[in-house]
Amino acid sequence: MADFIRTQAYASWIDSLKDIKGRGRIGAKLRTFEITGHPGDAKSIGEGLYEMRFDFGPGYRVYYVVLKKTVILMGGNKSTQVADIRKAKEYAEFWRGQKL
């Protein structure tokens, strides 16, 4: 089982969601990912980064990179997808330089 690190950017994003049910559903799906190791609806977006998609709300997205046995999480939505992916790639690069 992997360790999951929720970045400050992820925490800020999830806390900013006004959709309380959506927030709960995202959390539930992440717990399932932690337990089973299967992210569900996810695809590679390059450079070792993946995008989990949610079929509710305004196109919620959770971006993650797997480094050794650690999963680093970042969040966003469809309307800010391009900027979110750019930021997620920067976070992934930063975390690759850390000792995990």
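The values are calculated or read from the model by the stated rules, or taken from the named source; none is laboratory data. Worth saying up front: this structure is predicted, and the values here are computed from it rather than measured. Note that we place each Cβ from the backbone using ideal geometry, even for glycine, and neighbour counts take in every protein chain shown.
Odds and ends about this structure:
For (1) modelled with pLDDT of 95 or more; (2) aliphatic (A, V, I, L, M); (3) within 24 Å of Glu93 (Cα to Cα), each residue gets a yes or a no:
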{"site": "Arg23", "(1), (2), (3)": "yes, no, no"}
{"site": "Ile26", "(1), (2), (3)": "yes, yes, no"}
{"site": "Ile35", "(1), (2), (3)": "no, yes, no"}
{"site": "His38", "(1), (2), (3)": "no, no, yes"}
{"site": "Asp41", "(1), (2), (3)": "no, no, yes"}
{"site": "Arg53", "(1), (2), (3)": "no, no, yes"}
{"site": "Pro58", "(1), (2), (3)": "no, no, no"}
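- Within the range 1-19, the set of residues being surrounded by 16 or more Cβ atoms within 10 Å (Cβ to Cβ) and either more than 13 Å from the chain's Cα centre (by Cα) or of a type in the set (D, E, K, R) (or both) comprises Arg6, Leu17.
- Residue within the range 74-95 that is exposed (fewer than 15 other Cβ atoms within 10 Å of the Cβ) and in a loop (DSSP other than H, G, I, E, B) present: no
- Among the candidates Gly27, Gly48, Gly22, Gly57, the residue that is loosely packed, with under 12 Cβ neighbours inside 10 Å and either of a type outside the set (S, T, N, Q) or under 18 Å from Lys87 (Cβ atoms) (or both) is uniquely Gly27.
- Filtered residues of the range 53-100 (kept if among the hydrophobic types (A, V, I, L, M, F, W, C) and closer than 12 Å to Ile5 by Cβ): Val65, Val66, Leu67, Val71, Ile72, Leu73, Met74, Ala92, Phe94, Trp95, Leu100
- Qualifying residues in the range 1-57 (those that are touching a residue at least 40 places away in the same chain (Cβ under 8 Å) and of a type in the set (Ser, Thr, Tyr)) - the one farthest from Leu67 (Cα to Cα): Tyr10
- Residue match in the range 63-71 (condition: touching a residue at least 60 places away in the same chain (Cβ under 8 Å), under 27 Å from Lys99 (Cβ atoms) and not β-branched (Val, Ile, Thr)): yes
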